[in-house]
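Here is the structure we will look at.
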There are 4 protein chains.
Amino acid sequence: MKALIYRGPGKMALEEHPKPELLAPTDAIVRVTKTTICGTDLHILKGDVPSCRPGRILGHEGVGVVEHVGTGVTTFVTGDRVLISCISACGRCNYCRKGMPSHCATGGWILGNTIDGTQAEFVRVPYADTSLYAMPQGADEEAMVLLSDILPTGFECGVLNGRVAPGSTVAIVGAGPIGLAALLTCQLYSPSAVIMIDLDDNRLERAKSLGATSVVNSTHGKTADAVLKIVGLRGVDTAIEAVGIPATFALCQEIVAAGGVIANIGVHGHKVDLHLERLWSHNVTITTRLVDTVTIPMLLKTVQSKRIDAGQLITHRFKLDQILEAYETFGKASSTKALKVIIEA
Amino acid sequence: MKALIYRGPGKMALEEHPKPELLAPTDAIVRVTKTTICGTDLHILKGDVPSCRPGRILGHEGVGVVEHVGTGVTTFVTGDRVLISCISACGRCNYCRKGMPSHCATGGWILGNTIDGTQAEFVRVPYADTSLYAMPQGADEEAMVLLSDILPTGFECGVLNGRVAPGSTVAIVGAGPIGLAALLTCQLYSPSAVIMIDLDDNRLERAKSLGATSVVNSTHGKTADAVLKIVGLRGVDTAIEAVGIPATFALCQEIVAAGGVIANIGVHGHKVDLHLERLWSHNVTITTRLVDTVTIPMLLKTVQSKRIDAGQLITHRFKLDQILEAYETFGKASSTKALKVIIEA
Amino acid sequence: MKALIYRGPGKMALEEHPKPELLAPTDAIVRVTKTTICGTDLHILKGDVPSCRPGRILGHEGVGVVEHVGTGVTTFVTGDRVLISCISACGRCNYCRKGMPSHCATGGWILGNTIDGTQAEFVRVPYADTSLYAMPQGADEEAMVLLSDILPTGFECGVLNGRVAPGSTVAIVGAGPIGLAALLTCQLYSPSAVIMIDLDDNRLERAKSLGATSVVNSTHGKTADAVLKIVGLRGVDTAIEAVGIPATFALCQEIVAAGGVIANIGVHGHKVDLHLERLWSHNVTITTRLVDTVTIPMLLKTVQSKRIDAGQLITHRFKLDQILEAYETFGKASSTKALKVIIEA
Amino acid sequence: MKALIYRGPGKMALEEHPKPELLAPTDAIVRVTKTTICGTDLHILKGDVPSCRPGRILGHEGVGVVEHVGTGVTTFVTGDRVLISCISACGRCNYCRKGMPSHCATGGWILGNTIDGTQAEFVRVPYADTSLYAMPQGADEEAMVLLSDILPTGFECGVLNGRVAPGSTVAIVGAGPIGLAALLTCQLYSPSAVIMIDLDDNRLERAKSLGATSVVNSTHGKTADAVLKIVGLRGVDTAIEAVGIPATFALCQEIVAAGGVIANIGVHGHKVDLHLERLWSHNVTITTRLVDTVTIPMLLKTVQSKRIDAGQLITHRFKLDQILEAYETFGKASSTKALKVIIEA
């Protein structure tokens, strides 16, 4: 089969590769019909993710059709159309039972990381019963691809951890795909204001069309002032960090209201300053989270019932043969205006 | 009347001072029968609290008897025995209505800070209806003094924010009065392990007698290793920071489990490092809080029903005339082994 | 001033009445600019509310302008435009502090019940600081009238108690004003399906235009079957009872899913059958609630930010002089299609 | 092997029966070392549980040693000492993922009901990975038996659903084994008062020794008055129904405070009256629940750390050969004073 293989920092190749086989009774083999590229894939290519070794098939998102299943799989049969969670959940360890499969003892984020992933014609999915989701009759396959990772990530790490509530005020720092996923999903809770902050006017325009009530371009500084001017000096109830650098985390500390939440989504490479000399008495909550994808069933229903129009995040479409071009397009998002790119097998 | 007056950094004096008078219809004048000294009073004396100006009567804890009340006070009458919250709550601003009077628009922590406090024979209590609590028949006055500030602080900022639960594991960094208050009150939720960490063996001994299941002296380093050896490599469910310096906050980050909480109580003078490069994916929650004292009614019931023996935190007793000596004793806690000192008017 | 006065079962009159005066320092006198009629007012007229004695000015909803305030009122001054909560909250009793002013020791639902109400040119509002809400600049007065009672009632008793969540399924039994208020406000949480059930096709049509995803006319029975056909045999996550008779409460028990909630809003005159012989093992929750109006601030923001279009519930407008005609219209809702009627002073 | 077999209403026999075999890759065969008898087993014997057919091996509680496991089982191996949950959880259906395995699509309460149970030398446990729990080193086997059903039932259905909290007041109606399990586990949350109500003075004595702060013998009526005399006219915060008849559910309605919870544990055979004509405005919550046993890990830690002394519920011990005598003893609890009887294989 064809598969995109990581060949070490800066290198990848679309190659012929043996089809995956069942390794455990709880496995399923899925024929991938659609997949996509994640910001994390770019991190791997930069060499920033040491757990991912050369030779690995990349990709942890996608939808497909069950090809065959192990003897321990009871939920799915050959031919079922399924959505693949980016998190493999054994469903039986302490963390899985607590609803936190991101830290599953033997699963977690392993697809396209420590085991072969979805940017291929076929993928082996461990713990299929608890890592695959049946696609509803008539579901839009492209929208479903976004349920593998980006929508649950924006929703769980940003919106739920951020305790967005009817009438509350939200600032989202970073209008990339993940920030926009938080923007889309936070509207499920009807906040009164959602302020989007980014350096790129194109993305801010997009944010407006996706429901942001205000946007702030942070290129010229005084960003905190601009935000406080919009929501009042008290600050925002929820600040969602969707970039992953010290400056954006600092901004969140400047704009969060007493009693508010900073919900971190960004993947950070460096420590940050936490201004406890000011915040110790501000009754704030700061949260971090690797997505658990436990909200896939909930989000599926909101997508099916058109409470969210997930398709709005899709900007480009490619065939698997063109996946290198897809990476090129996705990697140069500022010029190509790419958000999520769909790759069809 | 006699009152302890702050006279600028390093200076205070027990002086004759005019009795307070009603300034607003919502005020009450309370004759103080017992008060105590807080670590924050020492901070003021060091000059670390600029909002507290020389000339101020110190003290924000205490119990007493209502002397007279303003025309707008409906809950209390002359002669009522009351407990004074360290937080004055107007009961009507947005923050008070949200259960967060620590940030009350016109109240909050003002007693012994921006208005005269309780280390005197009489005190004016603003918003008496929502800042005083009726003392139950037969209540132990000394135990009640600890409900003004220290028990709610340990409980709200440490235990509730830290989400202590039956069977969970807790580490409390700092075995001073506030850490011990967290230790006492966390047992209301029946954790399976409570590890107390401090530099002082005397305090650790005390912690053991108050219910700590293990103690760690952090003098010689490797503290995180010692904690993880006790609870397992996963770490603790709740780490309570009860000191307020970068090193102790750093320790909390090393010992908190994925999915756990760092609940900060400490008053910090400096920013700290937050290791998001490691914690971004650890699903942790970090909380800060100035006490709201909204749990005084709940804690009152647990003290009355002997679920907590608050009196164990009291080590010394003085008359108001001896308050300078009381400060001396409380300020040299490592040699005097003082925890809370009771000052009787 | 002019006022609508209850004169005993079946009787009321628009009469000249002395203007109210301040009775306590915490009172405010409000000049009523707009009020409305509630189903409860009709109950009073039927003689079903013995606490309301003849001679009482009716009405517990409205907006107006502060005329003057008692010496204990600190939040409002003469000339402030305000929204009047149907619940008077002292803000200081145990129930108020627990966020449950419906059971306030000296307040609760007293306006137009045990003290004179809002269907008059002026009204005395006790505990003004905690029972009035400032109207935002530019607020739509008519929409604000609905925040006095009907929107918080639908939201608190139906939606919040019913734990409506993104993607969940909701059935609302009764498409009168209160059921429609639940319908409007439940959409703040983005359920995937909201099924409206009533005997009246006009109301069901209205429900559709207000966001119901399905409607069921229960005239011909088999209502439970019809609902289960829509949502699946498992049943609905939330069943909201907005009628108040045994038959509608019975229906809720037939359609609620295992793990679901029956949230009662209806005012019941008789006991009902609870089928514990079936439900004991169904993990259901049943809630009752007299509105606390603690969500007025939250709902105000959602109305201001256009997340809810409250005005859609208003069908008729009258002058205070025409209030008897307004009652006539509101009382014959099935023929007049009245939902909420606005009465302008 | 020996097994206790249900032979139709009123009949059972200890017989020789073939050893169970693995039927699915997710099964385990467990050699039972200790089991017990549940009130539900008596219900089956009366013929009240039609799903349980003659020929069935009874019993849904127990501990043992893993004999062998199916190919899909990854958590346990031969020789592991395990605790058997009374609820078989597939871990993959919607209900299991929501933490509600009591309603598992293919599991739930099936042991000793629709499949053979634990009152035998060996038992087949379906979905072993998510239905068995590893016994900690040094655990007391007898105490562990109580974690199969009775402690989680009292805790989940009574204490958690009842929202018992520090300082709150609790009444438990019924001092049988399940009511006493609620009594033991509610103390994990430090309520200020726990009132036990029963007809049997022996059981009430036992309740006192297990931590009840008051007891009321309901033989002579006026029970509600007696309870309200203890806690005040407002009523109790939590009323736990642990009997299952209309009279005891009625009592709960009389004693629950406004804002309180009635948590039903009792297995009801008949509908009950719900007095909505009074309760509609009392802001009460009523819950029902079939135990999910999701708190077994939490309870295990509280038993291991001696926060609960579960062994206090054990009154008698038998060998498997004597199981008919054990049933006799357990069935005549009022004369034998039996609570839980341990049966050793």
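Can you spot a residue in segment A:147-168 that is surrounded by fewer than 22 Cβ atoms within 10 Å (Cβ to Cβ), of a type in the set (G, A, S) and either more than 14 Å from chain C (Cβ to nearest Cβ) or outside any loop (DSSP other than H, G, I, E, B) (or both)? Checking segment A:147-168: not a single residue is surrounded by fewer than 22 Cβ atoms within 10 Å (Cβ to Cβ), of a type in the set (G, A, S) and either more than 14 Å from chain C (Cβ to nearest Cβ) or outside any loop (DSSP other than H, G, I, E, B) (or both). Screening segment A:57-72 for residues that are of a type outside the set (A, V, I, L, M) and part of a loop (DSSP other than H, G, I, E, B) and picking the one that is farthest from the other protein chains (Cβ to nearest Cβ) gives A:G59. Screening C:V256 against (1) under 18 Å from C:V159 (Cβ atoms); (2) in contact with a Phe, Trp or Tyr (Cβ under 7 Å, 6 or more places away or on another chain) leaves a single unmet condition, (2).
The requirement of being touching a Lys or Arg at 6+ places or on another chain (Cβ under 7 Å), of a type in the set (S, T, Y) and within 28 Å of D:C90 (Cα to Cα) is fulfilled somewhere in segment A:130-148, by at least one residue.
B:R124 - would you say it is closer than 26 Å to A:G260 by Cα and open to solvent by 10 Å² or more (accessible area, probe 1.4 Å)? Judged against the criteria, B:R124 is not a match.
Before we move on, is B:T118 part of a loop (DSSP other than H, G, I, E, B), within 16 Å of B:V30 (Cβ to Cβ), open to solvent by 20 Å² or more (accessible area, probe 1.4 Å) and not basic (K, R)? In short, no. Does B:S51 satisfy the criteria of being under 23 Å from the mean Cα position of the chain (by Cα), more than 10 Å from every other protein chain (Cβ to nearest Cβ) and open to solvent by 10 Å² or more (accessible area, probe 1.4 Å)? The answer is yes for B:S51.
Taking the criterion of being open to solvent by less than 40 Å² (accessible area, probe 1.4 Å) and at pLDDT 95 or above, the residues of segment C:314-337 that qualify are C:I314, C:T315, C:F318, C:L320, C:I323, C:A326, C:Y327, C:T329, C:F330. State yes or no: is D:V159 under 19 Å from D:Q312 (Cβ atoms) and in contact with a Pro (Cβ under 8 Å, 6 or more places away or on another chain)? The answer is no for D:V159. Are any of the residues in segment D:227-250 away from chain B (no Cβ under 14 Å), open to solvent by 50 Å² or more (accessible area, probe 1.4 Å) and modelled with pLDDT under 95? Yes, the conditions are met somewhere in segment D:227-250. Of all residues in segment A:15-30 being in contact with a strand residue (DSSP E or B) (Cβ under 6 Å, 6 or more places away or on another chain) and crowded, with 17+ Cβ neighbours inside 10 Å, which is farthest from A:I343 (Cα to Cα)? So the residue we want is A:D27.
Once segment C:190-217 is narrowed to residues that are assigned to a helix (DSSP H, G or I) and open to solvent by 30 Å² or more (accessible area, probe 1.4 Å), the residue that is nearest to the other protein chains (Cβ to nearest Cβ) is C:K208.
Applying a threshold of 8 Å to beta carbon distances and a minimum spacing of six or more residues, or different chains, the list of pairs starting in segment A:312-332 at a residue that is of a type in the set (A, V, I, L, M, F, W, C) and ending at one that is in a helix (DSSP H, G or I) and open to solvent by 50 Å² or more (accessible area, probe 1.4 Å) reads A:F318/A:E325. Only residues that are assigned to a loop (DSSP other than H, G, I, E, B) and either facing chain D (nearest Cβ under 10 Å) or buried (at least 21 other Cβ atoms within 10 Å of the Cβ) (or both) were counted in segment A:73-109, giving 20. Of the residues in segment C:122-136, at least one is under 30 Å from C:V69 (Cα atoms), in contact with a helix residue (DSSP H, G or I) (Cβ under 9 Å, 6 or more places away or on another chain) and part of a helix (DSSP H, G or I). In segment C:198-209 there is at least one residue that is among the acidic types (D, E), in contact with a Gly (Cβ under 7 Å, 6 or more places away or on another chain) and more than 30 Å from B:R92 (Cβ to Cβ). Kindly indicate the residue of segment A:6-29 that is farther than 17 Å from A:T71 by Cβ and in a strand (DSSP E or B) and also farthest from the chain's Cα centre (by Cα) among those meeting that condition. That would be A:E16.
The values are calculated or read from the model by the stated rules, or taken from the named source; none is laboratory data. This structure is a prediction, so every number in the text was calculated from the model and none was measured. Using ideal geometry, Cβ is built from the backbone for each residue, glycine included, and neighbour counts are taken over all protein chains shown. Just so you know, the surface numbers come from the protein's heavy atoms only, side chains and all, with ligands and any DNA or RNA stripped out. Shrake-Rupley method; radii C 1.70, N 1.55, O 1.52, S 1.80 Å.
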